Amino acid sequence: IILGLQNQVFKFLGRDSAWYSNVSNKYLRWNMQFRKFDSCPEEENMFISGMTLTTLDERTRKGTYSDVLIVATPEPTPECQNDPKLVCLGEGTLHISFDGGETFLSAPGDYTYGSRNRVVAHNTYAACSRKWHDYEISDTTNWRNIRDGGRRVTVQAKKPLSLLADRKALMIDPAECKDWIEQRVTKNDLFQQRGLWSTIYVETPMVSFHIEYRRSDWYDRRCDFQSLDAWMTNVDGVMDKTEWHGILGETKYRIYDLTTGEQVKTDRYKLLRGQDDADYEVKGPFDTQFAAMQMKKTGGVNRAISSVIEKIEKNIYPKIG
């Protein structure tokens with residue numbers, strides 16, 4: 001199920017192990033991998049098990065691309081499985097790569113990559129798992145005055161526990177989550193927490209993400225799945241004004257039925273330019289070419305380009321999962 005940027009809700013089935021373009025614009029390429037879990041009910045057995053985020057930072061002298069790859073594996077790594085003292089993300093089934101998949105890490109921590117990007121990853125108490133998300137648009141009036149390579153004074157400078165505490169109001173159980181956070185502050189042991197579920201924050205100059213990794217109940221595997229749910233939490237105003245493509249990217253623009261005049265919210269064949277899921281498929285995790293990018297919207301609908309600011313004002317929460 002795709003929850004769009006303008007309150008759309010529609011099915012996108014995908015193909016097992018295939019990669020798809022979720023958002024593609026000048027500053028962001030967000031691809032995701034679908035995986036089929038046979039133990040789950042038919043038409044409810046496809047989950048997102050991998051994603052890549054490639055971002056452009058024009059505020060460096062030459063403009064540089066940086067990427068991060070996040071993937072889940074059915075079984076834990078041998079190191080995490082065999083060493084009882086080792087704390088791993090998702091008990092060793094969640095992995096992060098900053099070099100295009102050449103090497104992976106599975107340890108919770110606060111990492112920097114590229115010129116000015118940051119990833120904070122930790123295991124999550126169930127009550128602190130996020131239940132929805134919105135995103136804000138940054139004021140970019142004076143961004144060109146920032147020195148090349150300098151860090152912005154934003155959430156990038158916050159401590160990992162502050163990132164978690166700032167979002168506790170949107171958690172599944174805010175009160176219980178608050179108690180858990182206070183214990184982590186007192187004991188200073190956020191990265192020592194074990195768990196099947198994990199949370200990842202990705203912060204870049206142009207866009208920020210909140211990612212939740214969820215797994216089926218260890219003791220009740222009637223639907224044995226792994227899922228990565230991701231939301232944008234902040235978008236730079238410059239990026240917001242660019243043309244967006246991809247499955248989620250196309251939902252930035254409202255579609256209206258020419259006969260009724262009402263916004264189309266559930267008809268996937270009217271909401272997306274590509275009539276086949278394969279139209280959004282890319283060859284690999286970092287590929288950028290897909291058929292739907294070259295297609296034009298046709299049929300009995302009318303596209304109205306509206307600002308994401310309007311979306312925020314009406315409390316629409318984009319989510320994918």
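The values are calculated or read from the model by the stated rules, or taken from the named source; none is laboratory data. Every value quoted in this text rests on a predicted model; they were computed, and no experiment measured them. Cβ sites come from the backbone with ideal geometry, for glycine too, and all protein chains shown count toward neighbours. In case anyone asks, the SASA skips ligands and DNA or RNA and just uses the protein heavy atoms, side chains included. Shrake-Rupley method; radii C 1.70, N 1.55, O 1.52, S 1.80 Å.
For this structure, a couple of remarks:
- Estimated FRET transfer efficiency when R0 is 30 angstrom, pair Ala175-Asp16 (beta carbons, to 0.05): 0.15
- Three-way shape label, the range 1-84, alpha-carbon gyration tensor, a/c 1.5: oblate
- For the range 1-109, the solvent-accessible area with a 1.4 angstrom probe is 44 square angstrom per residue.
- Area accessible to solvent at Glu44, 1.4 Å probe radius, in Å²: 120
- Overall form of the range 76-116 per C-alpha gyration tensor (a/c, 1.5; a/b vs b/c): prolate
- Accessible area of His245 in the full protein assembly, 1.4 Å probe (Å², nearest 10): 30
- Note on Phe290: accessible area approximately 10 square angstrom, rounded to 10, probe 1.4 Å, nucleic acids and ligands left out.
- One decimal place: the segment Arg194-Arg222 gains 7.7 nm when fully extended, by the rule 0.36 nm per residue minus the C-alpha distance.
- Gain on full extension, evaluated as 0.36 nm per residue between Lys26 and Glu182 minus their Cα-Cα distance, stands at 52.1 nm.
- Among the listed pairs Lys26/Lys296; Lys85/Lys187; Lys178/Lys252, those whose Cα-Cα separation exceeds 26 Å are Lys178/Lys252.
- Linear extension gain, Asp276 paired with Asn7, 0.36 nm per residue minus alpha-carbon span: 94.7 nm
- Carbon/sulfur fraction of accessible area - the range 39-97, other protein chains in place, 1.4 Å, %: 51
- Here the peptides 277-286, 96-105, 48-57 are ranked by packing, the mean other Cβ count within 10 Å, and the order with the highest first is 48-57, 277-286, 96-105.
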